[in-house]
Amino acid sequence: MAESRRRVALISDIHGNLISLEAVLAEIERRGVEEIVCLGDSAANGPRPGECLDLLASVTDRVVMGNADEWLLNPQLDPEADDFHRKVEESDLWTIAQLSPANRRFLRSFQPSILLDTPTPLLAFHATPRSNREIVLPVTPTEDAAAIFADYPAPLLAGGHTHQPFVRRIHAQTFINPGSVGLPYVIGRDGQAHNPPWAEYAVVEWDERGGVEIQLHRVPVESQAIYGAILASGMPYADFWAAEWAKA
């Protein structure tokens, strides 16, 4: 690789899954990518939240604030939550109890968005630059997506949140979603979602002339190891959360 080339790995939505985070970071290191940006939702609702934050802090300080990260810092219980979201809330309260003071300091350092000084400027955020909960999908109408990003003119946009890896043009901008490290999902022919045996991330590479290449990657993971880690974690509703990995 020429000296003037630059590569940035984009990771997102780790959700406390240390096994998948370790697999992705090992692959990023094998590829020789030294810059890592995390698009948020790093710890909540997974079996090893504190360890994930410790490992993430050791490889990057460029992390944006996801909606789940924000909730851990300021939990707000919804009195009208349905059964699924009640399970999420109770699991996230358990997550908070697992975090060390250093983990909490690291969480508080997360930024709403990060503008990278790459050859083609890249704006990183969790969902959209104006909200860490707003949805942009491959099927979002172009004009609707363009309106979301109208006040944020960076040529490259990187966000996660939806756990769906894709790259799409939105007029003069390119949106990159690297998918999810810790909770990817696929929809089967029966219409049911399950967690597949891989972790997802992206690499953006610029050549010496400023040309850009975007790659979406999947890294194999041992779904049964993740299943076992969830059952052994002590987190609430472990059987429920582990069940989707058992289908892989």
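The values are calculated or read from the model by the stated rules, or taken from the named source; none is laboratory data. Treat the numbers as computed from the prediction; the structure is a model and nothing was measured. Here Cβ is always computed from backbone atoms with ideal geometry, including for glycine, and neighbour counts include all displayed protein chains.
Structure data summary
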quantity	calculated
Failed item in (1) closer than 17 Å to Leu39 by Cβ; (2) of a type in the set (Gly, Ala, Ser); (3) free of Cβ contacts under 8 Å to residues at least 40 places away in the same chain, with Ser180 passing the rest	(3)
Number of the condition not met by Met235 [criteria: (1) in contact (Cβ under 8 Å) with a residue 24 or more places away in the chain; (2) under 16 Å from the mean Cα position of the chain (by Cα)]	(2)
Only one of Gly228, Gly160, Gly182 that is closer than 15 Å to Asn17 by Cβ and not in a loop (DSSP other than H, G, I, E, B)	Gly228
Unique match (being farther than 27 Å from Gly50 by Cβ, in a helix (DSSP H, G or I) and out of contact with any helix residue (DSSP H, G or I) (no Cβ under 6 Å at 6 or more places or on another chain)) among Ala147, Ala243	Ala147
Elements of type helices (runs of 4 or more DSSP H) contained in the stretch 1-111, each with 2 or more residues being free of Cβ contacts under 8 Å to residues at least 40 places away in the same chain and not basic (Lys, Arg)	18-30, 49-59, 67-73, 83-98
Candidates Leu39, Leu122, Leu18, filtered to the one that is under 19 Å from Val181 (Cα atoms), touching a strand residue (DSSP E or B) at 6+ places or on another chain (Cβ under 6 Å) and either among the charged types (D, E, K, R) or crowded, with 20+ Cβ neighbours inside 10 Å (or both)	Leu39
Residues satisfying the stated conditions in the stretch 191-201, i.e. touching a residue at least 12 places away in the same chain (Cβ under 8 Å) and surrounded by fewer than 24 Cβ atoms within 10 Å (Cβ to Cβ)	Ala193, His194, Pro196, Pro197, Trp198
Positions within the stretch 202-218 being touching a strand residue (DSSP E or B) at 6+ places or on another chain (Cβ under 6 Å) and without any contact (Cβ under 8 Å) to a residue 12 or more places away in the chain, in sequence order	Glu213
Verdict on Val221 being of a type in the set (A, V, I, L, M), touching a residue at least 12 places away in the same chain (Cβ under 8 Å), more than 18 Å from Arg6 (Cβ to Cβ) and out of contact with any Gly (no Cβ under 6 Å at 6 or more places or on another chain)	yes
Residue that is nearest to Arg7 (Cα to Cα), among those in the stretch 125-144 that are crowded, with 20+ Cβ neighbours inside 10 Å and not β-branched (Val, Ile, Thr)	Phe125
Qualifying residue in the stretch 106-118 (condition: over 12 Å from Leu39 (Cβ atoms), over 20 Å from the mean Cα position of the chain (by Cα) and modelled with pLDDT under 95)	yes
